[in-house]
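K.L.:
Got a structure here, written out as structure tokens. Questions coming.
The values are calculated or read from the model by the stated rules, or taken from the named source; none is laboratory data. Not measured: the values here are computed from a predicted model. Here the Cβ positions follow ideal geometry from the backbone for every residue, glycine too, while neighbour counts run over all protein chains shown.
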Amino acid sequence: MYHIISIRDFERRELDYMLDKAEEFDGRACDPRALEGKLLALLFFEPSTRTRMSFEAAMARLGGRSISMDNVEASSVVKGETLADTIRVVSGYVDAIVLRHPKEGAARMASEFSGVPVINAGDGAGQHPSQTLLDLYTIRQSMPIDGIDLGLLGDLRYGRTAHSLAYALSLYGAKLHVIAPNGLELPAGIVSELDERGMEVVEYEDVNDIIREIDVLYVTRIQRERFPDTASYFKVASSYRITPDLLADVRQHLIILHPLPRAGEIDPGVDRLPYARYFEQSRNGVPVRMALLHEVIR
Amino acid sequence: MKKEDHVHGLVISPIKDGTVIDHITAGEALNVLKILGITGSTTECLSIATNVASKRLGRKDIVKIENRELRKEEVDRIALIAPQARINIIREYRVVDKKGVEIPAILRGVIRCPNPGCITSTNEPIESAFEVLPKGLHCLYCDWWITQDIASHII
Ligand SMILES: [Zn+2]
């Protein structure tokens with residue numbers, strides 16, 4: 001049985017395989033009855049409407065159906081029951097489980113108790129592999145991933161999407177340029193791990209210093225709760241804001257990504273520039289999740 | 001019995017049947033017992049000697065456990081904190097088996113994950129699992145690393 005738990009479990013050829021498969025499902029050669037008669041359980045122990053809807057849409061487009069336990073049930077009805085028990089019970093009902101849970105490693109544990117494949121849709125500060133795959137997919141739509149210069153901007157300390165993406169990109173010989181506010185830098189452990197994997201990581205104070213030399217700018221959300229007060233949040237947030245002015249003289253093929261929802265990191269004026277790809281990125285969640293579901297449900 | 005046990009007049013008598021763990025890193029005897037799951041509430045008859053002079057280690061600890069022969073997978077867990085340890089299995093006062101310790105590739109249920117957000121820090125029915133790598137211990141659930149002071153994370 002095949003579980004999708006962490007991007008670290010993927011080798012380069014497996015990532016490429018999944019991206020190729022997503023491309024097949026993207027509009028053209030898609031059999032709308034591929035998963036007819038199959039049932040998916042969506043277990044969301046913390047809210048993420050977007051991720052949930054994207055999995056539901058992916059399942060429906062392949063002719064399968066979904067059942068879900070919503071957040072209210074997760075917090076009250078099932079109170080006291082272990083996740084292990086919930087997984088054992090639910091895996092008796094369905095052909096695969098999509099799990100989002102606040103504890104890191106929850107999906108790994110679930111895979112040990114499940115009789116059906118488990119797909120991790122985010123476990124606390126841990127992994128969210130389908131997000132990373134759709135990030136890679138969006139980059140690959142514009143350019144070959146090999147050897148790109150990618151700028152990571154924003155909260156790189158707590159931003160798990162940034163960590164997973166950096167990890168995956170180390171398999172493609174990409175170079176990482178990191179720009180983060182004080183206290184929200186990429187953790188040293190991750191930098192040293194990327195270094196061991198042969199990835200060059202360079203830090204910058206100001207996005208202006210590097211914006212003209214990168215192929216992809218990946219912006220992550222800077223959360224207000226990471227700052228002691230609103231004033232210091234606004235001060236940092238405004239100096240990390242991407243505006244149309246900042247994008248004068250950038251590489252012509254530059255693309256800007258953001259896992260969404262955004263909270264002011266990207267000026268709406270950027271949306272109509274050719275560099276903005278975050279809405280396509282979000283849309284790409286569907287073909288990527290179709291590929292994952294089709295791969296694990298047999 | 002090793003000669004050095006007697007040289008300093010230790011009151012630690014030979015055992016008839018059981019296990020002697022020799023050459024434990026000085027000061028780690030109690031942690032060794034903790035890892036082996038031997039606590040005040042278990043019934044083993046124990047002798048512990050700490051900071052004994054040793055030619056090889058300068059100082060060492062020794063633990064003797066009567067009427068219990070430790071299995072290899074039990075003793076390998078202590079390699080983390082006492083890599084030089086030697087295990088002697090005793091029957092009728094004679095050493096019938098002698099072995100070193102090897103650090104296992106994966107430690108299950110030995111180390112508590114320091115990450116409060118880790119699924120192994122909850123009431124779920126699972127044991128912690130750490131991969132043993134040159135850089136340190138790596139939690140197989142939450143990807144945290146323990147690189148220092150490993151003994152303080154022993155369950
Ligand atoms: Zn852990």
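K.L.:
I'd like to verify a number: residues in the range A:167-193 that are without any contact (Cβ under 8 Å) to a residue 40 or more places away in the chain, closer than 13 Å to A:ILE145 by Cβ and assigned to a helix (DSSP H, G or I), how many?
P.N.:
2
K.L.:
Still on this structure: From the list A:ASP95, A:ASP123, A:ASP149, A:ASP85, which one is surrounded by fewer than 24 Cβ atoms within 10 Å (Cβ to Cβ) and within 14 Å of another protein chain (Cβ to nearest Cβ)? Reasoning before the result, please.
P.N.:
Details: A:ASP95 fails: within 14 Å of another protein chain (Cβ to nearest Cβ); A:ASP123 fails: surrounded by fewer than 24 Cβ atoms within 10 Å (Cβ to Cβ); A:ASP149 fails: within 14 Å of another protein chain (Cβ to nearest Cβ).
Selected residue: A:ASP85, the only one of A:ASP95, A:ASP123, A:ASP149, A:ASP85 that is surrounded by fewer than 24 Cβ atoms within 10 Å (Cβ to Cβ) and within 14 Å of another protein chain (Cβ to nearest Cβ).
K.L.:
Under the condition of being away from the ligand (no atom under 14 Å from the Cβ) and in a loop (DSSP other than H, G, I, E, B), which residue from the range B:132-146 is surrounded by the most Cβ atoms within 10 Å (Cβ to Cβ)?
P.N.:
Per the stated criteria, the residue is B:LYS135.
K.L.:
If we scan the range B:76-85, do we find a residue that is more than 14 Å from chain A (Cβ to nearest Cβ), in contact with a Leu (Cβ under 7 Å, 6 or more places away or on another chain), among the charged types (D, E, K, R) and closer than 24 Å to B:ASP61 by Cα?
P.N.:
Looking through the range B:76-85, at least one residue is more than 14 Å from chain A (Cβ to nearest Cβ), in contact with a Leu (Cβ under 7 Å, 6 or more places away or on another chain), among the charged types (D, E, K, R) and closer than 24 Å to B:ASP61 by Cα.
K.L.:
Condition check: charged (D, E, K, R), within 16 Å of the ligand (Cβ to nearest atom) and at pLDDT below 90. Does B:LYS99 satisfy that?
P.N.:
Values: charged (D, E, K, R): yes; within 16 Å of the ligand (Cβ to nearest atom): no; at pLDDT below 90: yes.
Taking the combined requirement at face value, the residue does not satisfy it.
K.L.:
Scan the range B:109-117 and tell me whether some residue there is modelled with pLDDT of 90 or more, at the interface with another protein chain (Cβ under 8 Å from one of its Cβ atoms) and either within 12 Å of the ligand (Cβ to nearest atom) or within 12 Å of A:MET109 (Cβ to Cβ) (or both).
P.N.:
Yes, the range B:109-117 contains a residue that is modelled with pLDDT of 90 or more, at the interface with another protein chain (Cβ under 8 Å from one of its Cβ atoms) and either within 12 Å of the ligand (Cβ to nearest atom) or within 12 Å of A:MET109 (Cβ to Cβ) (or both).
K.L.:
Now a separate question. A:GLU11: away from chain B (no Cβ under 14 Å), buried (at least 19 other Cβ atoms within 10 Å of the Cβ) and of a type outside the set (A, V, I, L, M, F, W, C), yes or no? Don't jump to the end; show me each part of the working.
P.N.:
Details: away from chain B (no Cβ under 14 Å): yes; buried (at least 19 other Cβ atoms within 10 Å of the Cβ): no; of a type outside the set (A, V, I, L, M, F, W, C): yes.
Judged against the criteria, A:GLU11 is not a match.
K.L.:
While we're here: From B:ALA79, B:ALA129, which residue is more than 13 Å from the ligand (Cβ to nearest atom) and of a type outside the set (D, E, K, R)?
P.N.:
None of the other options fit; the residue is B:ALA79.
K.L.:
Only one of (1) within 21 Å of A:ILE190 (Cα to Cα); (2) within 14 Å of chain B (Cβ to nearest Cβ); (3) in a strand (DSSP E or B) fails for A:SER164. Which number is that?
P.N.:
So the condition that A:SER164 fails would be (3).
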